[in-house]
Amino acid sequence: MKKSTLTLTLGLLMGSGTALADSGKSSIEARLMALEQRLQAAEQRASMAENRADAAEKQARELAAVQQKTQTTTAQVEQRTAKLEQKASDKGGFEFHGYARSGLLMNNSAAKTQGGPSVTPAGETGGHVGRLGNEPDTYVELNLEHKQTLASGATTRFKVMLADGQRSYNDWTASSSDLNLRQAFTELGHLPTFTGAFKDSTVWAGKRFDRDNFDIHWIDSDVVFLAGTGAGIYDMRWDDNARSNFSVYGRTFGDIENRENTAQNYILSLNHFQGPVQLMVSGMRAKDNDERRDLDNHLVKHDAANNGVHALLGLHNESFYGVREGSSKTALLYGHGLGAEVKSIGSDGALLPDANTWRLASYGITPLGGGWHIAPALLAQTSKDRYVKGDSYEWATLNLRLIQEITSNFEMQYEGSYQYMDLRPQGYNSRNAVNGNFYKLTVAPTLKAGDIGEFLKRPEIRLFATWMDWDHRLDNYAKSDSFGSNGFVAGGEWNFGVQMETWF
């Protein structure tokens, strides 16, 4: 029994050892596997941390680059601002501006021809026609300005303009030059002691064109032109939408070499703007104008007016007559006596005291789409008892200019003009009564550096072909008139040429 018991005990011990060995082995393997898993997890966390570190480093580099760029841009802006501020306060703030046109005009026989916006008989009283392909002259305006902004905020401006116009094609034209000093004036603005309605207003004195003159460019006619030597104040403000200008101008009639000539026209003008509406009223007086004498001491016009009034009602739209994008301007003008020259206010000393003139002007600019742009214009006038009792001058011009964009530097321009005139001068200046129609069509391939399709952007270089015709009876208006002159009679006229035009 003892032997069996011993054997059994030994067997149990040996079996238990084997079991313990197997159990230990499994525990080690489990721990090793867990350790391996933890190592793998640690590697993953390390990899993720490394990726985050790389991303953070990349973001830091990008942020540093942005900061550097921002600092550079800020420095550039500060430099430009400093330059602008320096320019604003610089005592040598000079500017140069100009306008010029120059061209060659010939007929279909390569011979001299007539031209100009005032080529028709109605042109004597302001009846202009389209100017595209119709200008044989060279005209230049040179403007030099000096501006300052003082420490107090006050501004100063001095401007001088030289101008010359002639029809000679030669390079040396001193003998035929019309070189003239057209403007020389000084402005003082934003004076710190001015308050109320006068705050930020501008005071001026000298020889100048009025700042708020405006024209129909493609007819080359001012709607209103106030100019001379005098003084005034601009931009007296009554509220955000209302401002007024006040001025006095002087003009001289006749030749100043004649010491007996004391007639000078003094024009007092009030120009008020209420939003887009303009109301301009002017009164004038030229004492002893009816006693004015020429250089040979002959009485110029014994029945000339000594005073006059002028009025303008205008509408300046920032759209094409309120129906589409673009711009438009319309004005109705009236003048009596010396004011009956309604375009160039106070410039005609031969008007009668009973002279009356009405004038209507309107034009607009708008894009049509597809590279097309259009600018229609209307200019009409009626004047009675102008130079001789019972005379009358009536005319109306319709003009249409079209622009077709071809490339970024090339466009086609087309212009059509029609003018009706009924002129009854009653023998004044040996003029004859006539009535009839005038027609003009122009095609002008045009080169531009940029701003294709813009009516009022220059420079331009144009080739052109123009056809014009008019009623035969218009040839009889005057012997000194363009119509009826040698080689320029009704029946159709072809003109060709090239022209440049620029302003800046």
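ASN437: outside any loop (DSSP other than H, G, I, E, B), without any contact (Cβ under 8 Å) to a residue 60 or more places away in the chain and within 19 Å of ALA304 (Cα to Cα), yes or no?
no
Across the stretch 150-188, what is the total count of residues that are surrounded by 12 or more Cβ atoms within 10 Å (Cβ to Cβ), assigned to a strand (DSSP E or B) and not β-branched (Val, Ile, Thr)? It would help to see each step written out before you state the result.
Residues of the stretch 150-188 that are surrounded by 12 or more Cβ atoms within 10 Å (Cβ to Cβ), as a first pass: 150, 154-169, 173, 177, 179, 182-188.
When the remaining residues are screened for being assigned to a strand (DSSP E or B), the result is 155-166, 182-188.
Add one more test, that the residue is not β-branched (Val, Ile, Thr), and what stays is 157-159, 161-166, 182-185, 187-188.
Total meeting the criteria: 15.
One line per residue, one yes/no per condition, for (1) within 17 Å of ALA227 (Cβ to Cβ); (2) in contact (Cβ under 8 Å) with a residue 40 or more places away in the chain; (3) touching a Gly at 6+ places or on another chain (Cβ under 9 Å); (4) not polar (S, T, N, Q):
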residue	(1), (2), (3), (4)
LYS147	no, yes, yes, yes
THR173	no, no, no, no
PHE198	no, no, no, yes
GLY206	yes, no, yes, yes
Only one residue in LEU312, LEU333, LEU379, LEU352 is out of contact with any strand residue (DSSP E or B) (no Cβ under 6 Å at 6 or more places or on another chain), buried (at least 17 other Cβ atoms within 10 Å of the Cβ) and aliphatic (A, V, I, L, M), so which one is that?
LEU352
Among ARG462, ARG473, the single one that is part of a strand (DSSP E or B), basic (Lys, Arg) and surrounded by 14 or more Cβ atoms within 10 Å (Cβ to Cβ) is ARG462
Take the residues of the stretch 119-149 that are among the aliphatic types (A, V, I, L, M) and either in a strand (DSSP E or B) or more than 25 Å from the chain's Cα centre (by Cα) (or both): which is nearest to THR466 (Cα to Cα)?
VAL119
Could you tell me which of the residues TYR420, TYR387 is of a type in the set (Phe, Trp, Tyr) and under 30 Å from ARG462 (Cα atoms)?
TYR420
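Read-outs throughout are calculated quantities, based only on the coordinates presented, and are distinct from any laboratory measurement. Predicted model, so just to flag it, every value in this text is computed and none were measured. Note that we place each Cβ from the backbone using ideal geometry, even for glycine, and neighbour counts take in every protein chain shown.
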